[in-house]
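Below is one structure, written out as structure tokens, with a few remarks after it.
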Amino acid sequence: MTDLLDVNVWLALADENHDHHSKAIDYWQNESSSEIAFCRVTALGFLRLSTHPSVLSHPLTPKEAWDIYQLYRSEAGVGYIDDTVAVDPDFRTLSCEINFPHHLWTDPYLAALARFKNCRVVSFDADFSRFSPLSFLHLSA
């Protein structure tokens, strides 16, 4: 099974001063699947947030962000999951539940994509537990 990492895991891996860096490294070395993946949403999220001045201890330049992204992509076992509109019905269902929080749009998309592609979502965000059934590894701090 492929692990689809949430953006928060990629960010923690990239910043040795991040509060969750050691937990992210422990996951990478001891708990990860043999296949780990980005998708368009997580790649864009990593590129955008890693260059934001308040997210990492040292915000990256766009070139540095691209270099780190490409470094991860060149690692053995790190791949890319193509997006597909076939996830839209499940994405719609997950995002139209009663009292859906407006700030969680990315989460139901990743959950729907993971369910469609038979992946495990890995995140520091416990909100993914709301999407059942979903193979989910919560990296608690």
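The values are calculated or read from the model by the stated rules, or taken from the named source; none is laboratory data. Computed from a predicted model, the values in this text were never measured in an experiment. FYI the Cβ positions are ideal-geometry reconstructions off the backbone, even for glycines, and counts take in every protein chain you see.
If you go through region 101-141 and keep only what is outside any helix (DSSP H, G or I), surrounded by fewer than 20 Cβ atoms within 10 Å (Cβ to Cβ) and aliphatic (A, V, I, L, M), you end up with Leu134, Leu137, Ala141.
Within region 53-84, the residues that satisfy the criterion of being surrounded by 12 or more Cβ atoms within 10 Å (Cβ to Cβ), small (Gly, Ala, Ser) and not in a loop (DSSP other than H, G, I, E, B) are Ala65, Gly79.
Look through Ser22, Ser95, Ser50 and report the one residue that is over 21 Å from Ala111 (Cβ atoms), hydroxyl-bearing (Ser, Thr, Tyr), surrounded by 12 or more Cβ atoms within 10 Å (Cβ to Cβ) and touching a Pro at 6+ places or on another chain (Cβ under 8 Å).
Details: Ser22 fails: touching a Pro at 6+ places or on another chain (Cβ under 8 Å); Ser95 fails: over 21 Å from Ala111 (Cβ atoms).
Unique residue meeting the criteria: Ser50.
Just one of the listed residues (Asp15, Asp6, Asp67, Asp19) is more than 13 Å from Val122 (Cβ to Cβ) and modelled with pLDDT of 95 or more, and it is Asp67.
Applying a threshold of 7 Å to beta carbon distances and a minimum spacing of six or more residues, or different chains, the list of pairs starting in region 16-44 at a residue that is free of Cβ contacts under 8 Å to residues at least 40 places away in the same chain and over 17 Å from Leu113 (Cα atoms) and ending at one that is outside any helix (DSSP H, G or I) and of a type in the set (Asp, Glu) reads His21/Asp15. Pairs are defined by a Cβ separation below 6 Å, a sequence spacing of at least 6 or placement on different chains, a first member in region 58-86 that is over 22 Å from Asp19 (Cα atoms), and a second member that is assigned to a helix (DSSP H, G or I); the pairs so defined are Val78/Tyr72; Ile81/Lys117; Asp83/Arg40.
Restricting the search to region 110-136, which residues are without any contact (Cβ under 8 Å) to a residue 40 or more places away in the chain and under 20 Å from Thr84 (Cβ atoms)? Please lay out each step first, then the result.
Within region 110-136, the subset without any contact (Cβ under 8 Å) to a residue 40 or more places away in the chain is 111-112, 115-116, 126-127, 129-134, 136.
Matches in region 110-136: Ala111, Ala112, Arg115, Phe116, Phe131, Pro133, Leu134.
The numbered conditions (1) in contact with a Leu (Cβ under 9 Å, 6 or more places away or on another chain); (2) small (Gly, Ala, Ser); (3) modelled with pLDDT of 95 or more are all true for Ala43 except (1).
Of all residues in region 89-100, those that are under 17 Å from Phe116 (Cβ atoms) have Cβ atoms under 9 Å from Cβ atoms of residues that are of a type outside the set (Val, Ile, Thr) and assigned to a loop (DSSP other than H, G, I, E, B), 6 or more apart or on another chain, in Leu94/Phe100; Leu94/Phe131; Ser95/Trp105.
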